[in-house]
Amino acid sequence: MNVVRIFDDGGDGASFLETDGQVLPNGDINAFRNLASVNVRSDDIIVSAYPKAGSHWVTEIIHFLLAGSVDVDDFQKMVTMIDSSPETAYRDLPSPRILNTHLRLEQLPADVLKKKVKLICVLRNPLDVAVSYFNFLRVLTFCDYSGKWGNFCRPYFNGKFCYGSWFDHTRHWEEVKRANPDHPILTLVYEDFKENPVREAVKLRDFLGLARSDEFVRQVCEHCHFDSMQKRKATTEMGKYAFRKGKVGDWKNWFTVAQKEWFDQLYQEKMADIPIKFRYTLDD
């Protein structure tokens, strides 16, 4: 294991952990190294997303849907972040467990496929992801990053920082779905959730096979509204950092015309054969 300093175009660095070619955030590095041997259950639910794509939000909704009540404790996502949390932290949790990852399928236990573990892939438009990721790095004390947006954008989209390229991650999970058409995989899109959270939460409910009324789903969505979650989580360590704005289209306040043109060309090069149409505002 090495602590590595990764630099942006202006020479400002961010600290991460590196092992076996994988750049990871602060955490238990042995959790990543031992992940292949983790015992997954057939009724586990794995939420997969690139960082800052909305997995906190989706995980909270799943938690309350499973519980059948909003009068239970909030879900502590980092406990079940299998990339960096030791198996002992979540091994004895009652079924069905909600596990979280930012990794690729081949880095997860082989039983994920063998046992047909339910996978929920969360996507968000890459421009807002980039802005959220930048601001997240700047407040994480272990990263010690104080760079400027103009120097961050290019190396970020080229995959220099933690968890690598958004393009590679997104392409990978699309290819996983194509290669495993019989595997239970649900794809949810952040912008769709923002547009109509009840509609998207109903998809979750049905995918998980839960007997929950539409009215209860609506109650869960109200309880998990961004402002409500931000307020409830404000006293937790991760809650201080994880919830910033949660808006669609905030990228317009950050990207210059030149950056947006550069990104559009790069997107065409990287994603031309991937049939995902992201919305970058809710007016699209």
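See the values below:
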| quantity | calculated |
| --- | --- |
| Of all residues making up segment 162-185, the number that are assigned to a loop (DSSP other than H, G, I, E, B) and of a type in the set (Lys, Arg) | 0 |
| Close pairs from segment 260-281: first crowded, with 16+ Cβ neighbours inside 10 Å, partner part of a helix (DSSP H, G or I) and aliphatic (A, V, I, L, M), Cβ under 6 Å, at least 6 apart | 280/127 |
| Answer from 53, 36, 49 - the residue that is small (Gly, Ala, Ser), touching a residue at least 24 places away in the same chain (Cβ under 8 Å) and farther than 30 Å from residue 197 by Cα | 36 |
| Unmet criterion (only one of (1) modelled with pLDDT under 90; (2) under 16 Å from the mean Cα position of the chain (by Cα)) for residue 2 | (2) |
| Single match in 15, 37 (criterion: among the hydroxyl-bearing types (Ser, Thr, Tyr), surrounded by 13 or more Cβ atoms within 10 Å (Cβ to Cβ) and out of contact with any helix residue (DSSP H, G or I) (no Cβ under 7 Å at 6 or more places or on another chain)) | 15 |
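Here's the yes/no breakdown for (1) in a helix (DSSP H, G or I); (2) over 30 Å from residue 175 (Cα atoms); (3) at pLDDT below 85:
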residue	(1), (2), (3)
218	yes, yes, no
227	yes, yes, yes
244	no, yes, yes
264	yes, no, no
269	yes, no, no
276	no, no, no
279	no, no, no
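Listed here are the residues, each with its yes/no results for (1) farther than 15 Å from residue 205 by Cα; (2) aromatic (Phe, Trp, Tyr); (3) under 16 Å from the mean Cα position of the chain (by Cα).
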| position | (1), (2), (3) |
| --- | --- |
| 40 | yes, no, no |
| 60 | no, no, yes |
| 65 | no, no, no |
| 71 | yes, no, no |
| 74 | yes, no, no |
| 77 | yes, no, yes |
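Yes or no, residue by residue, for (1) surrounded by 21 or more Cβ atoms within 10 Å (Cβ to Cβ); (2) at pLDDT 95 or above; (3) in contact with a helix residue (DSSP H, G or I) (Cβ under 6 Å, 6 or more places away or on another chain):
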{"position": "115", "(1), (2), (3)": "no, yes, no"}
{"position": "119", "(1), (2), (3)": "yes, yes, no"}
{"position": "124", "(1), (2), (3)": "yes, yes, yes"}
{"position": "138", "(1), (2), (3)": "no, no, no"}
{"position": "142", "(1), (2), (3)": "no, no, no"}
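The values are calculated or read from the model by the stated rules, or taken from the named source; none is laboratory data. Just so you know, these numbers come straight off a predicted model, no measurement behind them. No Cβ is skipped: glycine too gets one built from the backbone with ideal geometry, and neighbour counts run over all protein chains shown.
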